[in-house]
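Structure record follows, encoded as structure tokens.
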Amino acid sequence: MTTPGITAGTTLGRELTLGILGGGQLAQMLALAAIPLGVRVTVLEPDAHAPARLCARHLHAPYTDPAGLDELAACDAVTLEFENIPVEALAALEGRVPVRPAGSLLARSKHRAREKQALREAGATTAPFEIIEAGGDLDGALARVGGRGILKTSELGYDGKGQARVNTDAELRAAWADLNRVPCVLEGFVPFEREVSLAVARTPSGQVAFGPLVENVHRNGILRTSVYPAHVPDGTGARARELARAVADAWALEGLITLEFFVLPGGDLLVNEVAPRVHNSGHLTQDGGGLSQFEAQVRAVLDLPLSDWAPLHPTAMLNVVGVDGPDGQPLEPDWAAIDALGAARVHLYHKAHRHGRKVGHVNLVAPDTDTLRARLASLEPLVP
């Protein structure tokens, strides 16, 4: 659904084309948001069973395939659905087609040390951290971040992978060895009250718009639920926008990024991570009315008119993640009971079951926050 007063996606009567590096569920949902705007989508994805193949032109080839990159270079703009795109692919597109967000922003956000340094340069506060690249960097590092911390690989880790909690120097050394002694960041433990996220989009012409402030709960390192509106002190939402705007401007954003925050007692915010794309926590914008995060990214990347986006009603999302039972067999959600809730909207990704893999999500909408939380409490036991 397009927002009233915003024009649809053609320029001078010409149909627009959008290329996406990656063909997973985020690319699928981006393509579904692009189609009503008159935008055709092409994805470059090596997986033959890519979810986006169902609603976009699928170039079944490696991300560095020259012919596939030539096809993307013929689009009006290119975006991405995840961070771990080979730098060779981005280099091959440079100067041939706008890539939004840019490769320089991607290189910053996919590397935790560079990301945290750039966040601080933009005026944001992060947890204390130490860069671990050699054995000598371990000496005294835990004490310098407060005595407790989380060791994370600088690259590639996500959804709880590539990280370990450490409380002693011995645990830190063992954790670094378990992570194969790759470059890491040691983050100090932060006694936060809750986690929230907020997306910001910026068009090449300089228009800036914000998504909703969403409250998130994780389970086993994977996002379990997101709820809008977030339960935060007055002024926290405005501060999140202020920080997101500062990062977007400092990083010369073109496209959309999502910032994850820790909310400290009293409402102050620390930036935890930045995702250079739509985010799992923003999926609830699909069903709350108004613009979705996916349409916002499409608009920002193609330099179309853009407005702030947020659900018109209290909305929640619950992730559906592959879970194996004690016998090793998949545990399925109670789909009949979920359908019987009435207020639930199911989104499945057409992905095969694998333990710990995101295979779908369920959105809920309610007339008020109390009803929403009651419905979420009814939904949770139905999804393993």
Decide, for region 90-185, between rounded, prolate and oblate: order the square roots of the alpha carbon gyration tensor eigenvalues as a ≥ b ≥ c, take rounded if a/c falls under 1.5, and otherwise choose prolate if a/b is larger than b/c, else oblate.
prolate
Per residue, what accessible area does region 333-384 have, given a 1.4 Å probe and all protein chains present, in Å²?
53
Expected vector for region 250-266, Karplus 3J(HN,Hα) from phi with 6.51, -1.76, 1.60 and θ = phi - 60°, integer Hz, x for Gly and Pro, equals 5, 8, 6, 4, 10, x, 9, 10, 10, 9, 9, 10, 9, 9, 8, x, x
In a Gaussian network model of the chain with springs linking alpha carbons closer than 10 Å, the residue among A300, A344, A52 that fluctuates most is A344
So with the 1.4 Å probe, I'd like the accessible area per residue for region 82-168, rounded to whole Å².
47
Going residue by residue through region 369-374, the Karplus relation 6.51 cos²θ - 1.76 cosθ + 1.60 with θ = phi - 60° gives ³J(HN,Hα) values, rounded to whole Hz and with x marking Gly or Pro, of 5, 5, 5, 4, 5, 5
Residue-span extension gain [D368 to Q207] - 0.36 nm each, minus C-alpha spacing:
54.8 nm
Here the averaged projected area of the chain, based on the convex hull of its alpha-carbon atoms and given in nm², is 19.7
With the charge dipole of the chain built from beta-carbon charges (+1 for Lys and Arg, -1 for Asp and Glu) about the Cα centre, the Cα from V298, A244, I150 projecting farthest to the positive end belongs to V298
Taking the solvent-accessible surface of protein heavy atoms with a 1.4 Å probe, what is the per residue accessible area of region 19-62 in Å²?
35
Taking the full set of protein chains and a 1.4 angstrom probe, give the accessible area of H60 in square angstrom, rounded to the nearest 10.
110
In nanometres, the difference between 0.36 nm per residue of separation and the alpha-carbon distance of A74 and A61 is 3.0 nm
According to a simple spin-label model (label point 7 Å from Cα along Cα-to-Cβ), what is the distance in nm between V217 and H350?
3.2
Rank A177, A250, A366 by mean-square fluctuation in a GNM of the chain with C-alpha springs under 10 angstrom and give only the top-ranked residue.
A177
State the extension gain, in nm to one decimal, for the chain segment bounded by E380 and E94, taking 0.36 nm per residue of separation less the distance between their alpha-carbons.
98.5 nm
For the chain, what % of the accessible area comes from carbon and sulfur atoms, probe 1.4 Å?
51
Beta bridge orientation in the chain: antiparallel %, DSSP, nearest 5
80
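The values are calculated or read from the model by the stated rules, or taken from the named source; none is laboratory data. These numbers come from a predicted model, not from an experiment. Reconstructed Cβ throughout: ideal geometry from the backbone, glycine too, with neighbour counts over all protein chains shown. Heavy atoms of the whole protein, side chains included, go into the accessibility calculation; ligands, DNA and RNA do not. Shrake-Rupley method; radii C 1.70, N 1.55, O 1.52, S 1.80 Å.
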